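Heads up, the thing below is written out as structure tokens.
The values are calculated or read from the model by the stated rules, or taken from the named source; none is laboratory data. Quantities reported herein were computed from a predicted structural model and do not represent experimental measurements. When we count neighbours, we look across all protein chains shown, and the Cβ atoms used for this are built from the backbone with ideal geometry, even at glycine. Just so you know, the surface numbers come from the protein's heavy atoms only, side chains and all, with ligands and any DNA or RNA stripped out. Shrake-Rupley method; radii C 1.70, N 1.55, O 1.52, S 1.80 Å.
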Amino acid sequence: MHQSAAPPVPQGPVHQERAYEFVECPMKAGPQGVGPNGDIDPANMMPPPNQVPAPDQPFSLSVTREESKIPRAGTDKKWVYPSEQMFWNAMLRKGWRWKEDDLAPQDMSNIIRLHNRNNEQAWEEILKWEALHAEECPCGPSLKRFGGKAKEISPRARLRHWMGYELPYDRHDWIVDRCGKEVRYVIDYYDGDVDKDTYQFSILDVRPAIDSLTAVWDRMRVAWWRWSS
């Protein structure tokens, strides 16, 4: 059966185009909008940014957004993380409701730090894999798009679970631009102890998806190095 060609996917989320307004001018709140493909942006599987406080919000939250170290494909900029206010609104959108003893302002600041560190850690692991292709892509990789797949357990995570290990609490798929070639990475997130200095708390299992013979060969090489070291 032939399928019609899918519309082109943007190089990055629509909200990233305006993100630097909040890095440089944190007091400015952006309007709520709708991306060109509807309410959900296909580049990061998220709705448009919302920097407006919720009607029953018990305290004010920062709208400042931190720039990551992760290059955005097709641009000379980096990806920008959500603000505390955006994160709060995203939790409300997913069905969470604030209760008086649930969160304090400092808790939201810590959540953002943990979230950002998680992503930086994931990119650091991807760079280790991408080092295998330094000659092919001397300028280095960049992140094209990503999405959460918490309900889609990866085959590797399922196999580990059958062996008695815990399931990951989340999964992401990141699409990396390797100098014009798209490479998909699977990231499984497992609970770990919180490092109060670095805010690192997850144990990550990062590897290229088995979408090509190159990815299979990369995983075989790394598995051999780990086993033989």
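Checking each residue of segment 79-94 against the condition of being touching a residue at least 24 places away in the same chain (Cβ under 8 Å), assigned to a loop (DSSP other than H, G, I, E, B), closer than 30 Å to residue 181 by Cβ and among the aromatic types (Phe, Trp, Tyr) gives at least one match.
Of all residues assigned to segment 77-98, none qualifies as being loosely packed, with under 14 Cβ neighbours inside 10 Å, at pLDDT 90 or above and more than 25 Å from residue 192 (Cα to Cα). Test residue 175 against the criterion of being of a type in the set (A, V, I, L, M, F, W, C) and open to solvent by 40 Å² or more (accessible area, probe 1.4 Å), and give yes or no. When the stated conditions are applied, residue 175 does not pass them.
When residue 180 is tested against (1) touching a Phe, Trp or Tyr at 6+ places or on another chain (Cβ under 8 Å); (2) exposed (fewer than 13 other Cβ atoms within 10 Å of the Cβ), just one condition goes unmet, and that condition is (1). There is no residue in segment 66-74 that is open to solvent by 40 Å² or more (accessible area, probe 1.4 Å), among the hydroxyl-bearing types (Ser, Thr, Tyr) and modelled with pLDDT of 90 or more.
Summed over segment 141-163, the residues that are touching a Lys or Arg at 6+ places or on another chain (Cβ under 9 Å), open to solvent by 50 Å² or more (accessible area, probe 1.4 Å) and hydrophobic (A, V, I, L, M, F, W, C) give a count of 2. Just to verify a result, which residue in segment 204-220, among those that are part of a loop (DSSP other than H, G, I, E, B) and not aliphatic (A, V, I, L, M), is most open to solvent (accessible area, probe 1.4 Å)? Here the answer is 211. Within the bounds of segment 109-121, is there any residue that is in a loop (DSSP other than H, G, I, E, B) and either open to solvent by 20 Å² or more (accessible area, probe 1.4 Å) or of a type in the set (Gly, Ala, Ser) (or both)? For segment 109-121, residues in a loop (DSSP other than H, G, I, E, B) and either open to solvent by 20 Å² or more (accessible area, probe 1.4 Å) or of a type in the set (Gly, Ala, Ser) (or both): absent.
Checked against the criteria, residue 115 counts as over 26 Å from residue 226 (Cα atoms), within 17 Å of the chain's Cα centre (by Cα) and in contact (Cβ under 8 Å) with a residue 24 or more places away in the chain. Residues in segment 128-140 that are in a helix (DSSP H, G or I) and surrounded by 14 or more Cβ atoms within 10 Å (Cβ to Cβ): how many? Final tally of qualifying residues: 4. Evaluate segment 122-130: report whether one residue or more is charged (D, E, K, R), farther than 20 Å from residue 190 by Cβ and modelled with pLDDT of 95 or more. Yes: one or more hits. Pairing each residue of segment 134-150 that is within 16 Å of residue 184 (Cβ to Cβ) and at pLDDT 95 or above with any residue that is of a type in the set (Gly, Ala, Ser) and open to solvent by 50 Å² or more (accessible area, probe 1.4 Å), provided the two are 6+ apart or on different chains, yields C-beta distances under 9 Å for 137/180; 142/74; 144/74.
Out of 190, 185, one residue alone is farther than 26 Å from residue 73 by Cα and not hydrophobic (A, V, I, L, M, F, W, C). It is 190.
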